[in-house]
Amino acid sequence: MFEGFRKKLGGIFSSRNREETFKKSELGGRVFEALVESDVSVSVAEKISDISEKYVEKSGGKITQSQMVSIIRKSVQSVLDSVDAPQDIMKPPRKPFIIMFLGVNGGGKTTTVAKLATLLKSRGSRVVLSASDTFRAGAIEQITHWSKEVGVDLVKHEKGSDPSSVAYDAITHAVARKMDYVLIDTAGRMQNNKNLVEEMKKIKRVAKPDLTLLILDAMVGQDALLQGKAFMDDIGFDGLVITKLDTDAKGGLLISLCYELRKPVYFIGTGQRVEDIMEFSSKWYMDRLFPDSLD
Ligand SMILES: Nc1nc2c(ncn2[C@@H]2O[C@H](COP(=O)(O)OP(=O)(O)OP(=O)(O)O)[C@@H](O)[C@H]2O)c(=O)[nH]1
Ligand SMILES: [Mg+2]
């Protein structure tokens, strides 16, 4: 994971000598290039290299290799910190806490619903899933399989039925049983499929989710940013889940998604098993991008 980022960062230096020094004039361009090649968007890479240059200015001209890594680290951290922190959904302010998942098809919505249900259940919460993807063939069977596997309740109707009425029934189910969470799976939306956009808006109106999470697949690279912007304009969401990070060699995408969409990352998907989910921590991420020794 993220080995590309560590290689590119290591490539800024011409030797392994940690005392090698740099002039300020050499810094910006090299950092910028390394970031863009690691899947950081151009505008975010510019921002980080600008912040880095300012740090160098403060430290007065020449700096060593290890100082430079720590400067880039601080710059990346300040970009991540510029986005609001996620709300602590492990201590939800009300019951049931309703979470709706959005995203294009194949991004990992249903898998993330199953993973999050597993995580919440392991912490003693009672969870019901809403099978609100009534659109794709096999979707109801897939979530039925997961609900059995994870051991949580599921509310489903037949294929082709109104997804918002499934969500409504799932919420009623949770209220009647004083359950903690309702997780609403939805149909994958092809960009610019008007009907599905209207369907998502209707689910949002009916279910009034406490939190709407957009699932973005790290495998699609910079396209994830375009998807994020389209969902922002069409439907709106509160936070991100970045899936398939285990397949992300380049590493820099998450920084750009956070910064450009101005939304916090709540969870990351790190594999295909139900346990492969983590609450996002910028420390975890930064420690992987900037380990003690670069590749
Ligand atoms: N490697 C890896 N694979 C993942 C991850 N999350 C999901 N997948 C895989 O991605 C594929 C699609 O996942 P789904 O959960 O069905 O995606 P979806 O968004 O519900 O897709 P639709 O129902 O078609 O809209 C599956 O093969 C999952 O196993 C992850 O974090 N890492
Ligand atoms: Mg699905």
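Which listed residue (P86, V36, L196) has the Cα farthest towards the positive end of the charge dipole for the chain, taking +1 on Lys and Arg C-beta and -1 on Asp and Glu C-beta about the Cα centre?
Towards the positive end, the residue furthest out is P86.
Given 0.36 nm per residue, what is the gain on full extension from A85 to T64 after removing their alpha carbon distance, in nm?
4.3 nm
Could you please state, rounded to a whole Å, how far the C-alpha centre of the stretch 38-96 is from the C-alpha centre of the stretch 116-158?
Cα centroid to Cα centroid, the span is 37 Å.
Run the reach check for K8 against aspartates and glutamates, Cα to Cα strictly under 13 Å, same-chain hits fewer than 8 apart removed. What comes back?
E33, E37, D39, D295
Ranked from highest to lowest mean number of other Cβ atoms within 10 Å per residue, what is the order of the peptides 251-258, 166-173? Spell out each step's value before the answer.
On the way: 251-258: 24.8, 166-173: 20.6.
Ranked from most to least packed, the peptides come out as 251-258, 166-173.
Quick one: 3J(HN,Hα) in Hz for the stretch 122-128, Karplus 6.51/-1.76/1.60 with θ = phi - 60°, rounded, Gly and Pro as x.
Ordered by residue, 3J(HN,Hα) equals 5, 9, x, 8, 9, 10, 10 Hz.
Express the carbon and sulfur contribution to the solvent-accessible surface of the chain as a percent, rounded to the nearest whole number, probe 1.4 angstrom. Intermediate values should be presented prior to the final figure.
Values: 6550 of 13190 Å².
The C+S portion of the solvent-accessible surface of the chain is 50 percent.
Quick check: residue separation of K74 and R136 times 0.36 nm, minus the Cα distance between them. What number comes out in nm?
Result: 17.9 nm gained on full extension.
Roll a 1.4 Å probe over the protein chains and send me the accessible area per residue for the chain in Å².
Value for the chain: 45 Å² per residue.
What 222 nm value per residue comes from the helices of the chain, counting each DSSP H run with n ≥ 4 as -39,500 (n - 2.57) and dividing by all residues, nearest 500 deg cm²/dmol?
Theoretical 222 nm ellipticity from helices: -15000 deg cm²/dmol.
Given the peptides 210-222, 47-59, arrange them by the average over their residues of other C-beta atoms within 10 Å, most packed first.
Values: 210-222: 21.2, 47-59: 17.5.
The densest-packed peptide leads the list: 210-222, 47-59.
Could you give the length gained by full extension between N105 and A176, i.e. 0.36 nm per residue of separation minus their alpha carbon distance, to one decimal place?
22.3 nm
The values are calculated or read from the model by the stated rules, or taken from the named source; none is laboratory data. Quick caveat: nothing in here was measured; it's all calculated off a predicted structure. Every residue, glycine among them, receives a Cβ derived from its backbone with ideal geometry; neighbour counts consider all protein chains shown. Heavy atoms of the whole protein, side chains included, go into the accessibility calculation; ligands, DNA and RNA do not. Shrake-Rupley method; radii C 1.70, N 1.55, O 1.52, S 1.80 Å.
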